[in-house]
Amino acid sequence: MRQASVATAYSSSTRKSKSLLMVCVVCVVLTYFVLGGEGTTTIGNYASTGTSSYGAGGSSSRPDEATTVLIKNEVEAAMLKHISKIGARAGATSKFGVAELPESQRMRILVTGGAGFVGSHLVDKLMMQGHEVIVVDNFFTGRKKNVVHWVNHPNFQLISHDVVEPIMLEVEQIYHLACPASPPHYQYNPVKTIKTSTMGTLNMLGLAKRVEARILLTSTSEVYGDPEVHPQPETYWGNVNPIGPRACYDEGKRVAETMMYAYQKQSGVDVRVARIFNTFGPRMHPNDGRVVSNFIIQALQDKDITIYGSGDQTRSFQFVDDLVNGLMKLMNSDYDQPTNIGNPDEYTVNEFAKYIKELTNSK
């Protein structure tokens with residue numbers, strides 16, 4: 001069990017969590033059928049002893065072309081409605097559907113990894129509020145289609161760039177999200193993952209120092225390793241393996257946190273550190289190897305849902321919008337110590353698997 005401490009978590013009601021999970025299921029359905037994705041039958045992130053399954057195994061079932069088009073249209077309409085709601089909450093007034101901020105309130109904000117799952121939702125929120133947003137992404141895991149709806153907006157700039165190389169920009173805030181975050185992606189090239197977390201963070205800190213910008217690092221609950229304390233408070237130092245299969249990601253983020261506070265102490269850089277826990281929502285990659293997408297893909301294929309252990313182990317999941325709100329609140333607060341952002345409400349893996357099967361009408 002890895003869970004955020006209640007004092008610093010952003011939680012939702014059970015009803016809201018289920019409705020948001022339904023949105024995630026529908027979006028993964030679209031991605032799966034449009035991209036022809038194939039599910040995975042293992043969950044490396046949550047390995048334990050023993051395996052159990054729900055449901056009978058069956059052959060993959062794909063809809064006909066008319067059904068696929070119908071699903072696509074329904075999801076596109078749902079996403080447009082979702083973005084419109086974000087705009088309404090942000091006080092959208094301009095012809096572009098975003099708020100018009102006076103010059104004195106409008107900030108120039110850099111989002112590294114801004115074409116990724118979490119980054120693109122953060123970009124949506126910042127754009128809707130009327131800020132100028134620069135996205136830097138090398139598109140290893142990020143996708144242009146996640147931000148393509150902003151490409152012609154005068155407040156938006158998209159730069160194809162790898163953060164392991166320095167970049168010269170003038171900004172007031174930096175959200176540093178760049179780094180593959182799912183096991184299949186960060187284990188694909190572990191040296192590159194380490195370089196992104198270390199050299200990438202070093203370059204962003206150098207930029208923040210030069211332009212006197214505030215910088216927020218998206219760290220991870222993985223810095224706690226295989227925790228022996230539940231839930232994990234930010235004061236917990238963790239139980240880590242520096243040479244394990246996930247070390248390229250875990251240790252890279254731990255070093256990145258160390259560099260953040262070294263720059264704060266030595267050079268006076270204004271830093272924020274967010275330790276992110278399990279997150280789900282639209283734009284998740286269907287084959288990212290995490291429990292939410294794995295369960296959905298297996299259910300869509302009418303396969304047994306693979307569960308490691310007894311299934312009684314618990315997990316907590318937060319919707320991506322709640323995470324984005326937490327990141328923005330932390331960035332604009334006066335608190336500069338590491339902060340857990342997650343959902344304190346937990347469910348067993350068995351409960352989660354059963355709910356996924358109900359939503360997908362899996363055999």
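Some observations on this one:
- Restricted to segment 193-211, and to residues there that are open to solvent by 40 Å² or more (accessible area, probe 1.4 Å) and in contact (Cβ under 8 Å) with a residue 24 or more places away in the chain, the residue that is nearest to Val269 (Cα to Cα) is Lys209.
- Applying the criterion of being crowded, with 20+ Cβ neighbours inside 10 Å and in a loop (DSSP other than H, G, I, E, B) to the residues of segment 289-315, the residue that is nearest to the chain's Cα centre (by Cα) is Arg290.
- Top-ranked residue in segment 316-357 [being open to solvent by less than 10 Å² (accessible area, probe 1.4 Å) and part of a helix (DSSP H, G or I); ranked as nearest to Ile215 (Cα to Cα)]: Met331
- Asp250 vs. criteria closer than 21 Å to Ile174 by Cβ and in contact with an Asp or Glu (Cβ under 9 Å, 6 or more places away or on another chain): no
- All positions within segment 139-168 that are over 21 Å from Pro286 (Cβ atoms) and either without any contact (Cβ under 8 Å) to a residue 24 or more places away in the chain or out of contact with any strand residue (DSSP E or B) (no Cβ under 6 Å at 6 or more places or on another chain) (or both): Val151, Asn152, His153, Pro154, Ser160, Asp162, Val164, Glu165, Pro166, Ile167, Met168
- Restricting attention to segment 157-174, the residues that are out of contact with any Asp or Glu (no Cβ under 9 Å at 6 or more places or on another chain) and outside any loop (DSSP other than H, G, I, E, B) add up to 2.
- Residues in segment 175-216 that are small (Gly, Ala, Ser) and in a helix (DSSP H, G or I) were compared, and the one that is nearest to the chain's Cα centre (by Cα) is Ser197.
- Selected residue (criterion: nearest to Tyr236 (Cα to Cα)) from residues of segment 303-341 that are touching a residue at least 24 places away in the same chain (Cβ under 8 Å) and basic (Lys, Arg): Arg315
- Hits in segment 128-156 - residues which are open to solvent by 80 Å² or more (accessible area, probe 1.4 Å) and either assigned to a strand (DSSP E or B) or of a type in the set (A, V, I, L, M, F, W, C) (or both): Phe140, Val148
- Qualifying residue in segment 74-97 (condition: touching a Leu at 6+ places or on another chain (Cβ under 7 Å) and modelled with pLDDT of 95 or more): no
- Selected residue [acidic (Asp, Glu), at pLDDT 95 or above and either in a loop (DSSP other than H, G, I, E, B) or open to solvent by 50 Å² or more (accessible area, probe 1.4 Å) (or both)] from Glu234, Glu228: Glu234
- The single condition from (1) touching a Pro at 6+ places or on another chain (Cβ under 9 Å); (2) on the phi > 0 side of the Ramachandran plot that Glu234 fails is (2).
Residues are listed down the side, and each one gets a yes or a no for (1) at pLDDT 95 or above; (2) of a type in the set (Gly, Ala, Ser):
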{"residue": "Arg315", "(1), (2)": "no, no"}
{"residue": "Asp321", "(1), (2)": "yes, no"}
{"residue": "Val324", "(1), (2)": "yes, no"}
{"residue": "Leu330", "(1), (2)": "yes, no"}
{"residue": "Gly342", "(1), (2)": "yes, yes"}
{"residue": "Glu346", "(1), (2)": "no, no"}
{"residue": "Val349", "(1), (2)": "no, no"}
{"residue": "Ala353", "(1), (2)": "no, yes"}
{"residue": "Ser362", "(1), (2)": "no, yes"}
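- Only residues that are of a type in the set (Asp, Glu) and not in a helix (DSSP H, G or I) were counted across segment 242-288, and they come to 2.
The values are calculated or read from the model by the stated rules, or taken from the named source; none is laboratory data. All of these numbers come straight from a predicted model, not from anything done at the bench. Because the Cβ atoms are built from the backbone with ideal geometry, glycine has one as well, and the counts that use them run over all protein chains shown. Note: areas computed on protein heavy atoms with side chains; ligands, DNA, RNA excluded. Shrake-Rupley method; radii C 1.70, N 1.55, O 1.52, S 1.80 Å.
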